[in-house]
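Bear in mind these aren't lab numbers, they're just calculated from the coordinates by the rules spelled out. Remember, predicted model here, so these are calculated numbers, not experimental data. Here the Cβ is made from the backbone with ideal geometry for all residues, glycine too, and neighbour counts use every protein chain on show.
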């Protein structure tokens, strides 16, 4: 019984930290469009990505997250469009969202561009009261039926990029809408706080075949402390890569991926939990699959170019 109580408490804490954010992924650097709308259209090709994340294996009702995204540029490379859908499932709760993005790309010089992006969408929060067992059966804080609420969402971002480096800033959930779960009972409510994300990376060509890329990801949402992620990605011949990530106060991640025929991506990551959840969890699995769609002009290009 004590073990169940501890796990439940940790799940609730984890849910309060992560479920308010955009979908959380260890391989964020492979699909940063999910965290920054200004990335839309910066690659020079259309890209569709599907990601499946199975968090804290071995823990009952642990989080499951699924996304499907697509984005790409206009013909003149001055604008980008995209969108994604996702669902987060944690025990009796589910969060589903759909989002559309627009970005405008400004040419800074012959090798660098700055993109400004906006996104907007809808979030649905759902909770199944029949799947929750209360210590006090007469507690009116929730009802036994399925309840849901639909709220709007919006955010913005900027993205400075070059073939060797990038810097991004984004701020999702700017509307701060209040979430109301139940029509009856003592209704727990809360606001969706604004989040602030900063990303950056630089590619070092250490030899003809190898590229070493350090990447950072910083997250902040009040009143939680700032969280840092640091990644080192090593790429061989622009096709095979290995990476390691340290996520402050959460996990260490190992990832491997491969680019097939310069068009199809398959990548897998495993999280080694560093919090107390490691006593109950077998770790976290994450699988990502992607496809690139080129115009004839950009068929042989795999990195963003400045035109």
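List of remarks:
- The range 15-293 - Kirkwood radius from inverse mean 1/r over Cα pairs (Å): 19.9 Å
- Per-pair calculated FRET efficiency, R0 = 45 Å: residue 163 and residue 275 via Cβ, rounded to 0.05: 0.75
- A full extension of the chain between residue 106 and residue 209 corresponds to an added length of 33.9 nm, given 0.36 nm per residue minus the alpha carbon distance.
- Annotation: peptides 25-35, 238-248, ranked by per-residue average of other Cβ atoms within 10 Å with the highest first, follow the order 25-35, 238-248.
- Here the contact order of the range 15-293, divided by its residue count and restricted to Cα pairs under 8 Å and six or more residues apart, works out to 16 percent.
- Placing a label point 7 Å from the Cα of residue 89 along the Cα-to-Cβ direction, the residues of the range 42-70 whose backbone N falls under 20 Å from that point are 50-69.
- Stretchable slack from residue 237 to residue 254, in nm (0.36 nm times residue separation minus alpha-carbon distance): 4.2 nm
- Each of residue 146 and residue 263 was given a label point 7 Å from its Cα along the Cα-to-Cβ line. The distance between the two points is 3.9 nm.
- Distance from the range 91-128 to the range 204-254 (C-alpha centre basis), Å: 22 Å
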